[in-house]
Amino acid sequence: MRTTRASLLAMTAAAALLALPALAEAQTQGQPRDAAGGLLAQAAPRDGAPGNPPSTATQRGADSATGNRTPADGTPGNPPGTAAGRAVDRTLGTNTTGAQPENNRAATSPATGATTGALAVDSNALRSGRRASKVIGSAVYNENNESIGEIDDILIPPGGSAPVAVISVGGFLGIGAKLVAVPYDRLNMAANSNGRWTLAGATKDSLGSLPTFTYESQPERRG
């Protein structure tokens, strides 16, 4: 009895496989063809969508012969797409099969290290800005055109607060000069000043009365 049943199942499966070419031919009837009679390429709908039943034609034939029912793509036990398609999605980080939805989120996430809006600057506007290398060493004048000192350095306080200008006051050829710190934004260069930096309201005496500044806690001071 078992031998007869096994023989019947084998014969049914073989008949189903032999009928596959006819089924495939029938499926192509009514599809658009080119001038030579060949089928035109069409975008295949995803398995389980209208026009594309679950599984493959071979699997459906085998199911008909054995009485089994392969679960539709996307249901538990049978994810969308083919095993090869899912492997490609995992490798390339894509989601063409619909089985890797996490790759959709990865594709829209900014890459690590990429320039974001929070880091971007206006390069055109910066071209007219002040270069520290050009400011350091410049003479400082007051509004009366009196030389009152020289910019010795520019410091950026911890925490990124407003920069500070260190001005050398008095002395001769750097000997006996006193260093004082003033807010950098107090320095001004007028358009017609021939590159002169102005510290309005200051004199040598007023700068000299400010607390002395030292670089002792600034080991990274320029050489």
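Amide H contacts of A177 (H built 1.01 Å from N, in plane; Pro and chain starts excluded): F172 sit under 5 Å, all sequence-distant by 5 or more or on other chains. When K178, K204, K134 are arranged by Cβ crowding within 10 Å, least crowded first, meaning fewest neighbours, the order is K134, K204, K178. Within the stretch 132-208, antiparallel bridges make up roughly 90 percent of the DSSP beta bridges whose residues both belong there. Cβ crowding within 10 Å, taken as a proxy for footprinting-reagent exposure, orders D122, D63 from fewest neighbours to most as D122, D63.
Here the stretch 132-208 is treated with +1 on each Lys and Arg Cβ and -1 on each Asp and Glu Cβ, and its dipole about the Cα centre works out to around 60 debye.
Here the convex hull built on the C-alpha positions of the stretch 132-208 has a volume of 99 cubic angstrom per residue. Each residue in D185, D152 was given a count of other beta-carbon atoms within 10 angstrom of its own, and listing them fewest first yields D185, D152.
Readers should treat all values here as calculations from the given coordinates under stated rules, not as data from a laboratory. Everything quoted here is computed from the prediction, not taken from an experiment. For neighbour counting, all protein chains shown are included, and Cβ atoms are generated from backbone atoms with ideal geometry for every residue, glycine included.
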